[in-house]
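For reference, the structure discussed in these notes is given below.
The values are calculated or read from the model by the stated rules, or taken from the named source; none is laboratory data. Just so it is clear, the structure is predicted and the values come from calculations on it, not from any experiment. Here the Cβ positions follow ideal geometry from the backbone for every residue, glycine too, while neighbour counts run over all protein chains shown. Please note that ligands, DNA and RNA were not included when accessible areas were found on the heavy atoms of the full protein model with its side chains. Shrake-Rupley method; radii C 1.70, N 1.55, O 1.52, S 1.80 Å.
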Amino acid sequence: MHVTGATIWLTGLPSAGKTTIAYELASRLRGGSRRVEVLDGDEIREFLSAGLGFSREDRHTNVQRIGFVAELLASNGVTVLVPVIAPYADSREAVRKRHGAEGTPYVEVHVATPVDVCAVRDVKGLYARQAAGEISGLTGVDDPYEAPESPDLRIESHTQTVQESAQALHALLIERGLA
């Protein structure tokens, strides 16, 4: 029996809830005996993309590397959850096209949390550090974030629980035969 893998890319601002939703969904999918991997952006930056900075070019390279690994896993029957900011539409589109060329399912999810909510959550302290002048180039504040115009699913994580967000995405995957 062939199990179809897929890449589920969760894009959004820092502290939008991407990783939290991804891990909640991963638990649900594993409960259904699916092979699941979460490609966490922070872990990828530490290992696969060490040495890259945060210029537009480096961010694009980072997204392409993650997209390559995600497609490789997905084409081998793994459901790959990718909670990565991926701020530029052209970078995300290149990943989508690579998946399309290989015939690998790709689902883009926009975790559409407003910047003011993200700044309050501030999971990693980035917004506070940016406000204090300690860092610059924070996506959505002083560096661009190009929100997807027509994602497969838009989750407003500030209006629902993590469980409700994961359930909405799980329902979409079931509808598409990917869960």
Just to verify a number: what accessible area does residue 158 come out at with the full protein assembly present, 1.4 Å probe, Å² rounded to tens? 70
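If we count every other residue with Cβ under 15 angstrom of residue 132's Cβ, Lys/Arg +1 and Asp/Glu -1, where does the sum land?
Numbers: positive: 124, 129; negative: 122, 134, 142.
Around residue 132, the surrounding residues sum to -1.
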Just from its helices, what would the mean residue ellipticity at 222 nm be for the chain, if runs of 4 or more DSSP H residues each count -39500 (n - 2.57) and the sum is divided by every residue, rounded to the nearest 500 deg cm²/dmol? -14000 deg cm²/dmol
Round to the nearest 10 and give me the degree value, 0 to 90, for the angle of helix 89-102's Cα axis relative to the longest principal axis of the chain. 20
Entry for Cα extents along the principal axes in Å (calculated from the structure that is shown) out of (i) 55, 34, 29; (ii) 63, 37, 37; (iii) 56, 35, 33: (i)
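Can you check what the net charge comes to around residue 173, using other residues whose Cβ is under 11 Å from the Cβ of residue 173 (Lys, Arg +1; Asp, Glu -1)?
After counting each charged neighbour, the total is +1.
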Using alpha-carbon coordinates, inclination of helix 162-175 to the longest axis of the chain, degrees: 40
